[in-house]
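Inspection log for the structure reproduced underneath, given as structure tokens.
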Amino acid sequence: MTLPSHRPHPARFQAFDQLAILVAVLADDGQVIFANAALEDAIGLSWRSIEGSYFQDYFAEPAALQHALEGSRENAFAALRYDAQLKRHGKASTDMLPVHMIVAQTERTGELIAQMLPQELQARQEREERQADQVRANKELFRNLAHEIKNPLGGIRGAAQLLEMEMAAPELNEYTQVIIHEADRLQTLVDRLLAPHRHPQVVGDVNIHEVCERVRSLIVAEFPVGLKVVRDYDTSIPNLRGDREQLIQALLNIAHNAAQVLSERTASSGDAQIILRTRVARQVTVGKQRYRLALELHVIDNGPGVPDSIKDRVFLPLVTGRDGGSGLGLTLAQTFVQQHHGLIELESVPGRTDFKILIPL
């Protein structure tokens with residue numbers, strides 16, 4: 001639904017339109033004084049239809065709200081919480097939106113504010129908060145690991161080089177070379193862990209399709225036979241503000257991971273496919289912020305799917321479902337996307353895995 005651009009409300013209500021939660025300001029008899037944009041979207045009615053009506057009528061069990069209104073008139077509580085089923089206009093009678101309801105008094109006599117957090121949104125916000133906490137914990141962990149690992153590694157490598165110079169038997173150099181090689185490999189691993197946190201973002205206007213084309217060319221060059229990389233672009237998407245190199249690396253990590261997972265299908269049937277799809281998403285909530293527009297970028301493959309055993313942990317460092325994988329690619333991709341105030345969502349079943357990147361425009 002396209003909402004009217006002009007909403008003649010008092011200035012004290014204007015900020016509510018920027019919230020992702022559903023908000024209604026009510027008189028103490030339940031008559032709607034104000035409904036924010038998120039509530040209009042959820043119910044499926046314009047503010048002109050909602051305001052002035054009785055809010056009890058929008059719930060499957062109006063008695064709970066009626067009880068809250070009566071309690072407010074008697075000053076029985078400061079705030080009341082309960083779960084409710086919000087009716088959706090024009091939908092089937094069984095199509096309800098489960099919400100967590102908070103009814104509280106405002107500073108004005110005879111006026112209440114009702115806040116409704118869709119339970120699906122609440123679960124998603126909790127999941128995003130856990131992911132953000134995990135990224136912060138990873139950052140601290142990586143810094144500590146770098147300090148504890150890099151200094152001993154340097155000493156081990158230096159000692160192996162000195163030992164190699166002192167040894168009289170050249171055939172023993174094979175062993176010192178193993179030490180040096182493994183020390184270098186661990187150094188590279190630590191550097192990759194620290195990469196997202198070392199360099200500040202270089203922010204500018206980014207054309208997401210230039211990013212996609214760069215990634216596509218790299219994947220096609222590495223996997224030239226048996227893998228098809230399909231473009232499915234919405235060319236109307238405007239430029240976004242971001243770090244071009246970080247976005248290329250994030251998308252490349254996901255696409256490269258998909259290409260490696262498809263290697264068996266590439267070799268056997270030759271019908272392996274990765275789809276790069278761009279769309280505009282509207283009225284998107286990321287964290288607790290609601291955005292009018294967001295980039296929706298999908299990386300879809302027809303591989304075996306992400307194993308159930310790691311599906312909930314796939315963005316954690318060193319978690320991989322592939323032999324020889326470092327378990328860092330998706331961790332770094334998530335970090336780069338979160339630095340753009342976005343998120344990555346995963347849906348995976350055998351035959352179709354979809355990594356969806358959401359970044360506010």
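The values are calculated or read from the model by the stated rules, or taken from the named source; none is laboratory data. Note that this is a predicted model, so its numbers are computed, not measured. Cβ: placed from backbone, ideal geometry, glycine included. Neighbour counts: every protein chain shown.
Things to note:
- Members of the range 45-59 found to be at pLDDT 85 or above and under 30 Å from residue 292 (Cβ atoms), listed by number: 45, 49, 50, 51, 52, 53, 54, 55, 57, 58, 59
- One residue alone among 117, 69, 141 is assigned to a strand (DSSP E or B), at pLDDT below 85 and not aromatic (Phe, Trp, Tyr), and that residue is 117.
- Criterion: within 30 Å of residue 149 (Cβ to Cβ) and surrounded by 14 or more Cβ atoms within 10 Å (Cβ to Cβ) - qualifying residue of 227, 295, 251, 262: 251
- For residue 304, the stated conditions do not hold, so it cannot be described as within 26 Å of residue 268 (Cα to Cα), of a type outside the set (S, T, N, Q), surrounded by fewer than 16 Cβ atoms within 10 Å (Cβ to Cβ) and at pLDDT 85 or above.
- Enumeration of residues in the range 10-26 that are of a type in the set (Val, Ile, Thr) and within 10 Å of residue 113 (Cβ to Cβ): 23, 25
- Figure legend. Inter-residue proximity from the range 263-274: first residues not assigned by TED's automatic domain parsing to the domain that holds residue 351, second residues modelled with pLDDT of 80 or more and aliphatic (A, V, I, L, M), beta-carbon distance below 8 Å, spacing 6+ or different chains. No pairs are indicated.
- The single condition among (1) modelled with pLDDT of 85 or more; (2) farther than 30 Å from residue 15 by Cβ that residue 293 does not meet is (2).
- Positions within the range 271-290 being crowded, with 19+ Cβ neighbours inside 10 Å and modelled with pLDDT of 85 or more, in sequence order: 272, 274, 276, 278
- Candidates 178, 135 - the one that is modelled with pLDDT of 65 or more and within 30 Å of residue 277 (Cα to Cα): 135
- When the criteria are applied in full, residue 153 meets the requirement of being surrounded by 14 or more Cβ atoms within 10 Å (Cβ to Cβ), more than 35 Å from the chain's Cα centre (by Cα) and at pLDDT below 80.
- If you go through the range 260-274 and pick out every residue that is assigned to a helix (DSSP H, G or I) and out of contact with any Ser or Thr (no Cβ under 8 Å at 6 or more places or on another chain), you end up with 7.
- Members of the range 307-337 found to be out of contact with any strand residue (DSSP E or B) (no Cβ under 7 Å at 6 or more places or on another chain), at pLDDT 75 or above and outside any loop (DSSP other than H, G, I, E, B), listed by number: 329, 330, 331, 332, 335, 336
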